[in-house]
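Visitor: Here it is: the structure, laid out below.
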Amino acid sequence: MRYGPIAGVPMSVSRVIQGTMMLSSEALDASFALLDEVIENGGNAFDCAHVYGGGDAERVLGAWIEARGVRDKVVIVDKGAHPNADRKRVTPYDIASDLHDSLARLRTDRIDLYLLHRDDPDAPLDEIVDALNQHAEAGRISAYGVSNWSHERIVEANTYAAEHGLRPLAASSPHFSLAEQVVDPWGGCVTLTGQRGRLAREWYAQAGLPVLAWSSLCHGFLSGRYSRADIEAFPDDCEEGFLRWYRCATNLTRLERAFVLAREKGATVPQVATAYLMHQPVDVFALVGSSLPGEFAANAHALDIDLTPEEVAFLEGC
């Protein structure tokens, strides 16, 4: 495992971060075994959110941390202020409400890295940054950042923080992967891939702000379970989300090339796709949704795969 710093987080963070959407109180033994495997393979960071499983993911993660006595050995990344069916919810009130819920569910007095799950471009930045800073000063969060915010809004937020002597945003979690996002999966998502993400990628490379790349394997598109021919054969009305979100000629070519490179390196497609992220000029931490025994260990092995600039260009189709 490799690790990297995120300003304000009390320990170095594993470059592969385990997601928690698959955790379930109805499968507690299997959930605990999955989390145990992460620790056993050097992972120390877990990505959760107030909305995952209606709070169940946080409850299971908190119960496991307490049962194993590992609170000071793990990094909790949690998210709040997700929109609901009625409103966007990026307000000081909703941030506080979600945060207190999450702390109770996680059975802890602090969250190491707290991210706002979505943005509301109409929400006043001063109120948001002030609220996050107050929670940090109170010790409820060690560091804070955002998910699915444009880099322009991040610049504005950090400019305000600097002008008022407040803590800046310490990290950002957009979509970033080898495959371009063709369709926004849920609305309000921000991606760094493709031509539309070029300026953002350049900014992140220059600013050095850590990127926690969600859906780094594109919901199974880059899992290696499906070849180009398999994906092309799926009917247009197939309900598999990754087909609607990622199926296009560019991505199919990149998938095909990932298979080629995987064979050459004795690796798997998801390992090559994760290694691709680690060879970008951006400070990347890859979020993965390992759910089967041995899967996290396999994902972590991607950190041992070296890619030359020519191989990166090959994957991109350049």
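The values are calculated or read from the model by the stated rules, or taken from the named source; none is laboratory data. Fair warning: this is a prediction, and the values are worked out from it, not measured in the lab. Every residue, glycine among them, receives a Cβ derived from its backbone with ideal geometry; neighbour counts consider all protein chains shown. SASA here: full protein model, heavy atoms, side chains in, ligands and nucleic acids out. Shrake-Rupley method; radii C 1.70, N 1.55, O 1.52, S 1.80 Å.
Visitor: Could you pull out the residue among 169, 115 that is modelled with pLDDT of 95 or more, touching a Lys or Arg at 6+ places or on another chain (Cβ under 8 Å), surrounded by 21 or more Cβ atoms within 10 Å (Cβ to Cβ) and not β-branched (Val, Ile, Thr)?
Guide: On inspection, the qualifying residue turns out to be 115.
Visitor: For the stretch 1-100, give me every one of the strands (runs of 3 or more DSSP E) that falls completely inside it and has 3 or more residues that are β-branched (Val, Ile, Thr).
Guide: 75-80
Visitor: Working carefully through the options 75, 70, find the one that is farther than 24 Å from residue 147 by Cβ and open to solvent by less than 30 Å² (accessible area, probe 1.4 Å).
Guide: Only one candidate qualifies: 70.
Visitor: Tell me which residues, restricted to the stretch 126-156, are open to solvent by less than 20 Å² (accessible area, probe 1.4 Å), within 24 Å of residue 287 (Cα to Cα) and in contact with a helix residue (DSSP H, G or I) (Cβ under 6 Å, 6 or more places away or on another chain).
Guide: The answer is 141, 144.
Visitor: In addition: Among 225, 263, 244, which is the only one that is farther than 16 Å from residue 176 by Cα, of a type in the set (Lys, Arg), open to solvent by 60 Å² or more (accessible area, probe 1.4 Å) and more than 22 Å from the chain's Cα centre (by Cα)?
Guide: Exactly one of 225, 263, 244 is farther than 16 Å from residue 176 by Cα, of a type in the set (Lys, Arg), open to solvent by 60 Å² or more (accessible area, probe 1.4 Å) and more than 22 Å from the chain's Cα centre (by Cα), namely 263.
Visitor: For residue 57, work out the one condition from (1) buried (at least 17 other Cβ atoms within 10 Å of the Cβ); (2) in contact with a helix residue (DSSP H, G or I) (Cβ under 8 Å, 6 or more places away or on another chain) it doesn't fulfil.
Guide: Here residue 57 meets the rest and fails (2).
Visitor: Are there any pairs with C-beta distances below 7 angstrom linking a residue in the stretch 78-98 that is closer than 18 Å to residue 55 by Cα to a residue that is open to solvent by 50 Å² or more (accessible area, probe 1.4 Å), with the two at least 6 apart or on different chains, and if so which?
Guide: 82/51
Visitor: Restricting attention to the stretch 282-300, does a residue exist that is in a loop (DSSP other than H, G, I, E, B), modelled with pLDDT of 95 or more, in contact with a helix residue (DSSP H, G or I) (Cβ under 8 Å, 6 or more places away or on another chain) and of a type outside the set (Ser, Thr, Tyr)?
Guide: Checked the stretch 282-300: at least one residue is in a loop (DSSP other than H, G, I, E, B), modelled with pLDDT of 95 or more, in contact with a helix residue (DSSP H, G or I) (Cβ under 8 Å, 6 or more places away or on another chain) and of a type outside the set (Ser, Thr, Tyr).
Visitor: Here's a follow-up. Scan the stretch 13-36 for residues that are open to solvent by less than 60 Å² (accessible area, probe 1.4 Å), under 28 Å from residue 305 (Cα atoms) and either under 19 Å from the mean Cα position of the chain (by Cα) or modelled with pLDDT under 95 (or both) and report the count.
Guide: Count: 10.
Visitor: Shifting gears a bit: Do we have any residue at all in the stretch 280-292 that's open to solvent by 60 Å² or more (accessible area, probe 1.4 Å) and under 19 Å from residue 197 (Cβ atoms)?
Guide: Yes, some residue in the stretch 280-292 is open to solvent by 60 Å² or more (accessible area, probe 1.4 Å) and under 19 Å from residue 197 (Cβ atoms).
Visitor: Looking at (1) of a type in the set (Gly, Ala, Ser); (2) over 25 Å from residue 112 (Cβ atoms); (3) touching a Phe, Trp or Tyr at 6+ places or on another chain (Cβ under 8 Å), can you tell me which one residue 290 breaks?
Guide: Among (1) of a type in the set (Gly, Ala, Ser); (2) over 25 Å from residue 112 (Cβ atoms); (3) touching a Phe, Trp or Tyr at 6+ places or on another chain (Cβ under 8 Å), the lone unmet condition for residue 290 is (2).
Visitor: Select from the stretch 183-223 the residues that are part of a helix (DSSP H, G or I) and among the polar types (S, T, N, Q) and list them in ascending order.
Guide: Of everything in the stretch 183-223, those that are part of a helix (DSSP H, G or I) and among the polar types (S, T, N, Q) turn out to be 195, 206.
Visitor: How many residues does the stretch 202-222 hold that are within 16 Å of the chain's Cα centre (by Cα) and in contact (Cβ under 8 Å) with a residue 24 or more places away in the chain?
Guide: 13
Visitor: A further question follows. Considering the stretch 172-199 alone, what residues qualify as being farther than 13 Å from residue 119 by Cβ and surrounded by 19 or more Cβ atoms within 10 Å (Cβ to Cβ)?
Guide: Those that are farther than 13 Å from residue 119 by Cβ and surrounded by 19 or more Cβ atoms within 10 Å (Cβ to Cβ): 175, 176, 177, 178, 179, 180, 181, 191, 192, 193, 197.
Visitor: Name every residue in the stretch 101-115 that is closer than 11 Å to residue 140 by Cβ and part of a helix (DSSP H, G or I), in order of residue number.
Guide: 102, 103
Visitor: Just for the stretch 293-311: of the residues that are surrounded by 15 or more Cβ atoms within 10 Å (Cβ to Cβ) and of a type in the set (D, E, K, R), which one is nearest to residue 217 (Cα to Cα)?
Guide: 295
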